[in-house]
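Just below is one structure, and these are the notes that go with it.
The values are calculated or read from the model by the stated rules, or taken from the named source; none is laboratory data. Bear in mind that the values here come from a model prediction, so they are computed numbers and not experimental data. Cβ placement follows ideal geometry from the backbone for every residue including glycine, while neighbour counts extend to all protein chains displayed. Quick note on the areas: whole protein, heavy atoms, side chains included, nothing else; ligands and nucleic acids left out. Shrake-Rupley method; radii C 1.70, N 1.55, O 1.52, S 1.80 Å.
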Amino acid sequence: VVSDTRRLSDVEWFRNVYGDVVQTVRVLATEETRKRRNWVFIAGVDDAESECGLDQGVAFDWVITNDGDELSLDEQLETLLRSLRGRL
């Protein structure tokens, strides 16, 4: 498990080295949710490649929404975990 990749080249490297076993997961939260969590956009930081380099060009295997609905998050994560366990 790699908990944080930030650039397309990171994802490409893992896919090239490990092939089909790589599963990419994107966790999303709306800007409104992020602001409720005290996030404030900082130009030059939050729009840098290290923060938004994977916003385009990656077909994620999984997209998890984390907007504060614990039941929904639990259901999404359980589905992901069942799938991963099935690949072992």
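Please go through the range 23-62 and give me each residue that is in a loop (DSSP other than H, G, I, E, B), open to solvent by less than 50 Å² (accessible area, probe 1.4 Å) and without any contact (Cβ under 8 Å) to a residue 24 or more places away in the chain, ordered by number. Once the filter is applied, which keeps residues that are in a loop (DSSP other than H, G, I, E, B), open to solvent by less than 50 Å² (accessible area, probe 1.4 Å) and without any contact (Cβ under 8 Å) to a residue 24 or more places away in the chain, the range 23-62 yields Asp46, Ala48.
The residue of the range 63-76 that is farthest from Val22 (Cα to Cα), among those that are among the aliphatic types (A, V, I, L, M) and in a strand (DSSP E or B), is Ile64. One residue stands out among those in the range 11-22 that are without any contact (Cβ under 8 Å) to a residue 60 or more places away in the chain and open to solvent by 50 Å² or more (accessible area, probe 1.4 Å): the one that is nearest to Leu77 (Cα to Cα), which is Asp20.
State all residues of the range 64-76 that are of a type outside the set (Ser, Thr, Tyr) and either surrounded by fewer than 12 Cβ atoms within 10 Å (Cβ to Cβ) or over 12 Å from the mean Cα position of the chain (by Cα) (or both); if no residue qualifies, say none. Listed by number, the residues that qualify are Asp67, Gly68, Asp69, Glu70, Leu71, Leu73, Asp74, Glu75, Gln76.
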